[in-house]
Structures are given as structure tokens and as C-alpha cells.
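Read through the structure below, which is laid out as C-alpha cells, and then see the notes.
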Amino acid sequence: MGKQKTVTTSSGQPIRKKPLSIRMWNSRGYYLMFLPVFIYVLIVYYWPMLGVRYAFYDYSLKNFEFIGLDNFKEMFATKDFWRAFFNTLQLSVIKLLITTFASVIISVFLNEMGNMVAKKTLQTVIYLPHFMSWAVVAAIFTLFLSKSSSGFVNETLKSWGVIEKSIDFMHSKAWWRPIYYMVNVWKETGWGTVIFLATLSGINPELYEAADIDGASRMQKIWNVTVPALANTILIVLILNLAKVMNLFESVFVMYNTRVYKVADVISTYIYREGFMTALPNYGYTTAVGLFKSLVGCVLVLVCNFASKKVRGRGII
Amino acid sequence: MKKKVLSVLLASAMVVSLAACGASDDDTSAASSSSSSSSTSSSASTDTASTDTAASTDTAAAEDYVLEKLHIVVDGTLTATVDSGQQEFEAQWEEAVGERLGHPIDLVITQLDHSDYTGTVSRMLATSSVGDEDYPDAMIMSASMYRQYQTTGILWDMASAYDNAEFQARVTLPTVNENMKTADGKLYGFAPTYGNGCVTYIKQSWLDAVGKTVDDIKTFDDYYNLLLAFTNDDPDGNGSAGTYGVIAAGFGKLDEAPYINYMPEFWQGAYPSFYQKDGEWVDGFTEQATVDALERLAKAYADGIIDPDTEEAGTKQAREKFFSNDQSTSEGVFTYWAGTWLRTLTNNMSKNEVDDDLGDDRLVQLPPIKEIVDTWGGYINREAPVWVITDDGDGSNAREQAIFDALLDTMLDGDRVQTLWTYGAEDVHWSIHAEEFSTNADDPDKRKDYSYEEGEFHLKQSPNDPNAVWKKNHLDSVLVIAPLTNGFVDDDELVTKGNQFFTTHCVDAPAAAACDTLTANQEDLTSKKKELMNLVVAGEITAQEAMDEYTDEFGDIVEQILAELNAQ
């Protein structure tokens, strides 16, 4: 039993708190208002979670029986699962680092722009891709990078004499990941600058004036004033996004194909194929894979929470 | 402290309430499971003799059973879709079948997306149970899907109902369904037609442009040289490159039997799945014939004679590119379904103003090349898609027999209901009343006038396309196992020619395999085979490397599957 904290007034006099039940009764109006939300959360968020028990069942149209950890044993013994697991981590983490880095660079450049009209126009232009659906983005880039005569990139490279034969970018194991990162940078970098630009607008102008007086060049001001001011925000953005690295589906699903499974198949696409593309799926197995993915995601959230506490003094949950 | 106690109590209350919810769910699942297992055990323990004995009792019970509502799940093969007169089809079916049964019956049709049919059906069955509104009474299944489902206990053994069906006296192709019976005489699906298959179509204008005739194409080398000519010799006459020899929906359709029918000239004697060879089950994917086929495809891909879109094209994309208005990036060869599809492809070329001067001679059918004849014997006639009835597992066949009587027995009644399934709704899709109409009425070059006298059977304009004449509904009149007896025949010469060509040059596909281990690993095997096939064709790995990787990953599973299949 820990020592009870005593609540005191500003003059140091102890305040005698009323019992919780009485305080609840006194605030019954608030509790009543909270009740619908509580019920909603229970039904919509927690009730479906009961489905995780199917991870311990052989649950197909043919069978429904408890099999303990067999689904997990099968999962850990499956090469395709591990391939999808490591692809998920690799694609997510590298994508996160690249898009964050690109967002920082663009934010700094935008911050340095003096012409406000050009700055606002550029901001709007780079925000736009974020609002396009992944299906549309994939269609655009597939056409853009196509191997056929309508593929702009291949035709341009050939006309410049850079390549002789068209490159099948979207079907090449060597090219798929760089293309994937590039498309993500194109789509998400603009949106990612929002938080950095907000931070930059909060930097004390006196710091720049002081640097001017000291005779600092523009690059020196960026390096010695702007970047240090952004460091804490960069770290927070990385930490917050690290918790979501397992949630990778749509962007991969619309861009991958059988030939690049080795470098592109992620856990969510693996679950999709096992659960939705087969005549008699074992929902128990796909639930087990999904549960494992959630557990890894949960651990990452806790790690990030710990890191966040260390970096900024408060957690993210 | 009180706060902590209260928190614990609240958390406990939440857990208990959730557990309560979960418990009720468990009960449902258990009930569903027990229902399922009881149906399995009931079907497992019932031998053929007892089925026969029970048949008369069941028929009597079915006569007492009043089927008020029939929920069927169909794919895209029911061409009377909601946009094309399905409502009228339903109404006329309800009237005709209601009169026959002596009581009203409500037909509910759920038509699923054709391309995701298999997955949607499995989700539908997994998320509902017998008695639920969503649970289907009967469904269409492809042969591969049917083989996987027949051991689940979900499907009703209709052997007795089939044997005693009214249409039996008129069946002209009895082997179609007899061959689907299990070794112990059970029949879980009913095929109203034979399977049909694909033949290779070549554009006549392109043949003319490269100075060849279909008679010149006898061997694979001839075929290959033709594809080279279509790719390199400017067959569309626009003076520049861009054309391809051939397109298909995938280099091989490895997720659906008979797997090789979209590119038979390349696959030749290969069969990249489990099949019976000299009485023993083998894995055709690992055979030398498959290695050779993959190497042929890889060479053709490297030579640029296969349209690269083939790798990811669906059937719709492939055929639309083939008959596209823009022939400068099209292909000269397309292997697709026989019979009615010859008419559909020709009509679509006409609609896109491709080779209008050739009329119905736009496409020429290529007889199977020597290598196909020497191995399979001809084009592959696939195992027929079937109708299945769900078993409610209550130990009585009354409901299931009533469904059979209402749906399947009437489907081949030779008259009113069979006409509905074959041509669609009267005065919507077809008529016997005097009428005149024109297709492409606004285009003098393409306008075609139709005139019919009173009493003359004819197909009408399509409900969703006034420039096309309706072709058929679900059943193909030429493929059906028991023909219409009312004399309603759509005598389209081109369709007849297409069907005759196919039946002259076809052989039956090997029976699809089914066992527990195969069912459990079907998706993984198919996915891996597709991945390896595409890598080999693209030249990223050799065929032998693909085989090594496949054997390394699935060797043990394949052995287990073969052991189970050969023990059946």
C-alpha cells in the first residue's frame, strides 16, 4: 500500500475530500452524458475484439474446434509469413525515414521563401497528392512507368539514350521498392510539412536577428537556428509514426504484383490473400496472423510511449 | 484507494459484460458448428442404399414441405442482371414455378461480382447460418470450387433427387453429371450444361496482311512465326510498330481448372496442377511438360510477341484490347470461349468498327496445332460449373428436395422455365409476337433491321443496349444436357459454327483433385505457382530454378496431397 497523497489548499490546510460515490452522485449529469459514449465504445470497439479468440480455433467452413496455439505454430513455420513480416518492417521504417527527411527539407525551403504568393501556391500544390486515393495514385504511376510505348519515363529515357530497352519498373524486384518509396514521398511529403512549418513559424525571430548581427550566412542560420529548433519535432513525428509501422496495406496492395512478392508482400496483403482470395479460408489462421501483427504493433506503441516520455517528458498514450 | 477499487470493479464489469456477449456468440457458433458437423456425419454415415430407401420418404416429405422463398446466389453467368431485365425474369419464374408447385414462391437472387465470386461466397457462408436471410439455398460453383466444397458437409447429396428427376427422360448427355458422382455414388452438384472450352481466334484481316491463311498454321513453329509476323510486320497497316501476336488473361489461369485453356499452344501437353495420369495422381506443375511450357512462354515474352498486359489482365481487359477500336496496340490472336463468345467477339469488333468489311468472317478459328493433338488430343472441355444446394443438417431432406424440385428440376423442364433460364424473360429478352426493330438505327452504315411475324420465336434488343440483340441468359441452348422441347431455337449460324468447331476439336479436361491437405494449402500453392510462372516468363529466373524453389517450399505438402489423393 502506497502512502496516500493529501490534497491541501494554497495555505497548506488539508482539504477533506468527499467519498467517491458522493462525488459521482453530485456529478451524475456528466456521468449520464458519458454513458452513451461508454456503451458505444464497448459495442463498436471492444465487442468485435472478442473475435481474437478465433486465433486459437480451426475456424473454417468445414471445422470449428479449439486447437490451442496450432495456428501460431503454423504461422511461425511458414516462410511467406516471415517474408511478409520483414517486408512490413523494412518498407514501413524506410518509408517513414525518407518521407520525414523530405518533409523537413521542404519545410525549411518553404520557410526560407520570401515571396508569399509563391510560397502559398507551392504549399497548395504539394499538399494536393495527399488527398488523392491510393488507387488513383497507383494507376497514374503504373501508366507513367509503364514498359509500353505509352510509358512516359521509359520513352523519355530511351529518347535521351540513357537506356536501350524499357525497364519494367513495377514488376522488377530491384526497382519496386525505390519506386514505392518515391511514390510515398510524392504523395505524403507535402502533408508532412504541415507540422514542421507550424514549428518553424514559432521560432523566435530574435534568434535570426542575433545571427544576422553575428554575420551568419543564410545556410549558417538554417543549420544553427532552424534545424536545432526542428529537432524535437522531428523526433516526436518519428516516434508517433513508428507506432503505426505495422499498418501497411492500401499503398502496397494497389502497387504490388506476383512478381515482386519477395520484396513487396506485407502482413496485411498476406492476410488478405489467405482470408479473401481462397475458396475455403481458415479464418482461425488469418486471425492468428492478425493478432500477432496487433501484438507487435502494441509493443511498438509501448516502446514509443517510453521513448516519448524520455524525449518530451510525456507519453503518447 | 477507493478510486482504484472502483476502477477494478468497472473493468471487471466490462469484462463480464463482454464475456456474456461472447458466450452468446459461442453458443451460436457452437450451434452452427454442430449443425455443420451433424450434416457431415449424417452425410458420411448414409450409404447409397439407405439413400435410395429414403428417397421415396424424402420425396413425400418434400411434397408436404412448402418452400415459400428460394434464395439463390449466382455469378456473372446469369446474364439477365438487375440492369438487364432480372426483375422480369424473377417475376416470370415465380409465376411459372408457382403454378407448377401449386403454391406461390418468392425467388431471391443475389448476384455477386464475378471476379471475386469464390471469396464472397465463402464469407457469406462463414458469416451466416441456415435459416438466416442471407444464407443461400442454392448456388453456382465452378468445378474447382465444387471439388473443395463437396467434403465440407455444407452441400446436400442430391444423387437420389437427380436420379429421380423429371428431366431424366430427356437427358442427352448423362455422363456430365454421372462423372461427377463420388466413388460411393454421392452427387453434391448438378451441371445443367457441359463445360465448354476455349478455341483460338485469329483476326482474318491480320492474316491477310501478313499473307497467311489459317491452313498454314499446323505446328507450334507455324503458330510462333505467325505471332512474330503479327508483332513485326505491321498487320494493322499503320506503318509503325505497337502490335502484338497474342493476349490472354494471364500466362496461365492457375487458380481455375483447366488452367491452360487461355494459351493452349504454349502449354501443349502440360497441366500445372494435380491430375490423374495412367490411374495415378501426379503434380503436373513439376513435370517436364510444364518446364517446357514455361520456357516457351519466356521465349515468346522476350521476343515481344505476347502482349505484356497479359500478365495482369483480367478476361474483360484482354478481350476489350483484342476488339478495341484502336488496333495499333492490339493483338492478332486471342484464345477464348467457344460458341456464343464467337458471336460476342464479332459483335464487339463490329461495334468498334473493326474490319467491318468482313462481317461475320472477322475471326477465324484455329484448329488445335499438332502438339496439342499429339498430347491432349484437342482443346480442353472444362468440367462443368454446377448448381449446389445447401444442407441444413436437420436430418430430413424435405427442404433440400423441395429446393431441387423448385429450382433444378424445373430448370430443365424443356419448356417454360427452361426457356427462362436459356433466353430470359418473355417480351423482355425474347418474344413470339410480330415486331420490327433496328439496331444502330442512327448509323446508316451499321444499321440492321429485324422483322418477325406473329408466332415466330426471336430474341429482342438487349434491355441495356438497344444496338445489340440479346444472346442468352444462364443456359447455353447448345451446351445444355436436356434440350428444349418447345422448338424455341435461336439459330445464329455463327454460334452454331463455333459450337460445332469446338465439339469437333475438344477432349474432356482431367477431373479436378480434392483432398483435405490440398484444400488447406490451395491458396498458398496457387499463389506460389503464379509468382514463379510470372518470374520465369519475365526471364528473372529459369524454369528449373522455379521448380527447385517450389519443391523446396512445398515438396512435403505435395507428397502429402498425392498420398491422400492416391488413397481415395
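None of the figures in this text is laboratory data; all of them are computed from the coordinates on show. A quick note: this is a predicted structure, and the numbers were derived from the prediction, not measured. Glycine gets a Cβ as well: all are built from the backbone with ideal geometry, and neighbour counts include every protein chain shown.
Looking only at A:PHE292, A:PHE131, A:PHE85, which one moves most when chain A is put into a Gaussian network model with springs between Cα atoms under 10 Å?
A:PHE131
Helix-only estimate, please: 222 nm mean residue ellipticity of chain B, summing -39500 (n - 2.57) across DSSP H runs of length 4 or more and dividing by its residues, to the nearest 500.
-13000 deg cm²/dmol
Distance between the C-alpha centers of the stretch B:376-393 and the stretch A:153-215? Whole Å please.
54
Test of understanding: what is the full-extension gain from B:LYS316 to B:ALA563, defined as 0.36 nm times their sequence separation minus their Cα-Cα distance?
85.1 nm
Taking each full run of DSSP H in chain A as one helix, which ones are at least 27 Å long along their axis (Cα atoms) and have mean Kyte-Doolittle hydropathy of at least -0.5?
The qualifying helices are A:79-112, A:173-201, A:283-312.
Based on the Cβ-Cβ distance from B:ALA511 to A:ASN232, what FRET efficiency comes out when R0 is 51 Å, to the nearest 0.05?
0.15
Report the label-to-label distance for A:ALA216 and B:ASN238 in nanometres (one decimal), using points 7 Å from each Cα along the Cα→Cβ vector.
Using points 7 Å along Cα→Cβ, the separation is 6.0 nm.
Could you please rank B:LYS69, B:LYS203, B:LYS212, placing first whichever residue has the fewest other Cβ atoms within 10 Å of its Cβ?
In order of increasing Cβ crowding within 10 Å: B:LYS69, B:LYS212, B:LYS203.
Given Cβ point charges of +1 (Lys, Arg) and -1 (Asp, Glu) and nothing else, what value in debye, to the nearest 20, does the dipole of chain B about its Cα centre take?
Computed about the Cα centre, the dipole is about 900 debye.
Enumerate the calculated ³J(HN,Hα) couplings along the stretch A:165-172 in order (Karplus 6.51 cos²θ - 1.76 cosθ + 1.60, θ = phi - 60°), each rounded to whole Hz, writing x wherever the residue is Gly or Pro.
For the stretch A:165-172, the Karplus-derived couplings read 10, 4, 9, 8, 3, 6, 10, 9 Hz, x marking Gly and Pro.
What's the longest bit of chain A with no exposed trypsin sites (Lys or Arg not before Pro), using DSSP loop states and at most 16 other Cβ atoms within 10 Å as the test?
The longest such stretch corresponds to A:18-164.
Quick one: what are the phi-derived ³J(HN,Hα) couplings along the stretch B:382-399, Karplus 6.51/-1.76/1.60 with θ = phi - 60°, whole Hz, x for glycine and proline?
With the stated coefficients, the stretch B:382-399 comes to 5, 5, 6, x, 10, 9, 10, 10, 7, 9, 7, x, 8, x, 10, 9, 4, 4 Hz.
Which pairs break 30 Å Cα to Cα here: A:LYS173/B:LYS203; B:LYS316/B:LYS472; B:LYS218/B:LYS253; A:LYS119/A:LYS187; B:LYS218/B:LYS351; B:LYS351/B:LYS497?
Violating the 30 Å Cα-Cα cut-off are A:LYS173/B:LYS203; B:LYS218/B:LYS351.
Give the percent of DSSP beta bridges with both residues in chain B that are antiparallel, rounded to the nearest 5.
Once the DSSP bridges in chain B are tallied, antiparallel ones form about 65 percent.
Highest GNM mean-square fluctuation, chain A, Cα pairs closer than 10 Å: which of A:THR233, A:THR78, A:THR100?
Of the options given, A:THR78 has the highest mean-square fluctuation.
With springs connecting C-alpha atoms under 10 Å apart, model chain A as a Gaussian network and identify which of A:ILE203, A:ILE267, A:ILE22 has the largest mean-square fluctuation.
A:ILE22
Between the stretch B:339-369 and the stretch A:8-70, what's the alpha-carbon centroid distance in Å?
66
So if R0 is 35 Å, what FRET efficiency would A:ILE203 and A:ASN247 give, r being the distance between their Cβ atoms, rounded to the nearest 0.05?
Calculated value: 0.60.
For a quick check of your reading of the filter: which GluC sites (Glu not before Pro) in the stretch B:311-378 sit in a DSSP loop and have no more than 12 other Cβ atoms within 10 Å?
B:GLU353
Answer with one residue from A:VAL303, A:SER146, A:VAL108: the one whose Cα lies farthest towards the positive end of the charge dipole of chain A, charges on Cβ with Lys, Arg +1 and Asp, Glu -1.
Highest projection toward the positive end goes to A:VAL303.
State to the nearest 20 debye the size of the charge dipole of the protein assembly as shown about its Cα centre, where the only charges are +1 on K and R beta carbons and -1 on D and E beta carbons.
Computed about the Cα centre, the dipole is about 7800 debye.
Classify chain A as rounded, prolate or oblate, taking a ≥ b ≥ c as the square roots of the eigenvalues of its Cα gyration tensor: rounded when a/c is under 1.5, otherwise prolate if a/b is larger than b/c and oblate if not.
It is oblate, given that a/c is not under 1.5 and a/b is not larger than b/c.
Rounded to whole Å, give me the distance from the Cα center of the stretch B:152-180 to that of the stretch A:266-307.
43
Work out the charge dipole of the protein assembly as shown with +1 on the Cβ of Lys and Arg and -1 on the Cβ of Asp and Glu about the Cα centre, then indicate which of B:SER122, B:PHE167, A:THR121 is farthest towards its positive end.
A:THR121
Averaging sequence separations of C-alpha pairs under 8 Å and six or more residues apart, then dividing by the length of chain B, give the relative contact order as a whole percent.
Relative contact order for chain B comes out at 21 percent.
Report the antiparallel proportion of the DSSP beta bridges in the protein assembly as shown as a percent, rounded to a multiple of 5.
70
Step through the residues of the stretch B:80-94 one at a time and calculate ³J(HN,Hα) from phi using the Karplus curve (6.51 cos²θ - 1.76 cosθ + 1.60, θ = phi - 60°), rounding each to whole Hz and writing x for Gly and Pro.
These are the phi-based 3J(HN,Hα) values: 7, 7, 4, 8, 10, x, 5, 4, 5, 4, 4, 4, 6, 5, 4 Hz.
Please compute the contact order of the stretch A:181-317 in relative form: average sequence separation of alpha-carbon pairs under 8 Å and at least six residues apart, divided by the residue count, as a percent.
Taking the mean separation of contacting Cα pairs over the length of the stretch A:181-317, I get 23 percent.
Just add up the charged neighbours of A:LYS158: K/R +1, D/E -1, any other residue whose Cβ is under 15 Å from the Cβ of A:LYS158.
Here the count lands on -1.
Near the amide H of B:SER84, under 5 Å away, which other amide H atoms are found, from residues 5 or more places off or on another chain, if H is placed in the peptide plane?
Excluding prolines and chain starts, which carry no amide H, there are no hits.
With N set to the residue count of the protein assembly as shown, report its C-alpha Rg divided by 2.2 N^0.38 Å to two decimal places.
1.13
Largest first and in whole Å, what are the equivalent-ellipsoid semi-axes of the stretch A:1-158 based on the Cα gyration tensor, each being the root of 5 times an eigenvalue?
50, 37, 19
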